[in-house]
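Data first, discussion second: the structure below is written as structure tokens.
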Amino acid sequence: MKRETKIIKVIGVRGEVSVSENGEVRYNQELKHQSLIKDKSHRYGYMQVSIEGQRLYVHRLVAQAFVRNPKPVSNKMVFHIDHNTLNNHYSNLKWGNRQDAIERMRATRKEELKNPNYRGTSKLSGDDAVKIAARLDGGETAKVLSAEYGVSEMSIARIRKRYCKQKSASPRYSQEHKEMVRKLLMKFRPVEVAKSTGIRYETILKWKKQFAASE
């Protein structure tokens, strides 16, 4: 199915920038590589592209092209409706302001409190840390463990650094993992594969290049 694409004006960019309804960005007709950049504003990070020396958020480009802004003077922020910052389809985006951001944070907090495993800012026990470290060494992701234990991914990262044999955040993957991803990439986009498997988006892109080179 052909996706709609629109040309948009980006301040400070001389060339032609176009974006599709699901977040594919092109500069002078060339498809741009997207990177997952994490910052203090969101623990999972946002997809960005680099154009003429500028780092541009993909979700903002999509919203600029496809999402109506009812209050352009006050609504300067773009939110992901499902809170998944990798889902940059225009139907998952909406414009808002700082007050909207505060209300979203409150709503998220209420949902966290409904989770019986949520522990807020309390520390994990030593036994918990040892168990988590063993599971991290076994290849489980910080995202899954943080949800299960009701703590932030930063807390899981501290446990990895202190207790794990494998200090890198990238787990070791077997050939079976790669074969599974190769088959999924035949049907789905890398972002969707990363979301469904829990494997980092950057790893999926790296494997995709390897698969293409071996064909």
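Only the coordinates and a few stated rules stand behind these numbers; no lab work does. Treat the numbers as computed from the prediction; the structure is a model and nothing was measured. Don't worry about glycine lacking a Cβ; one is built from the backbone with ideal geometry, like all the others, and counts go over all protein chains shown.
The HN-Hα couplings worked out from phi for the stretch 132-149 by the Karplus form 6.51 cos²θ - 1.76 cosθ + 1.60 (θ = phi - 60°) are 5, 4, 5, 6, 5, 5, x, x, 6, 8, 4, 4, 5, 5, 5, 5, 5, 8 Hz, whole numbers, x standing for Gly and Pro. Listed by chain and number, the aspartates and glutamates whose C-alpha is less than 20 Å from the C-alpha of residue 183, apart from same-chain residues fewer than 8 away, are 192, 202, 215.
Legend: residue pairs 76/143; 71/209; 94/161; 76/187; 94/178; 143/209, Cα-Cα distance threshold 32 Å; pairs beyond threshold, 71/209; 94/161; 76/187; 94/178. One decimal place: the segment residue 131-residue 57 gains 22.9 nm when fully extended, by the rule 0.36 nm per residue minus the C-alpha distance. All C-alpha pair distances within the stretch 119-163, sorted into 5 Å bins from zero, spread as 5, 26, 42, 24, 4, 1 percent across the bins.
Modelled spin labels at residue 157 and residue 9, positioned 7 Å past Cα toward Cβ, are 3.9 nm from each other. Dipole check for the stretch 175-214: with +1 at the C-beta of Lys and Arg, -1 at the C-beta of Asp and Glu, and the Cα centre as origin, the magnitude is about 120 Debye.
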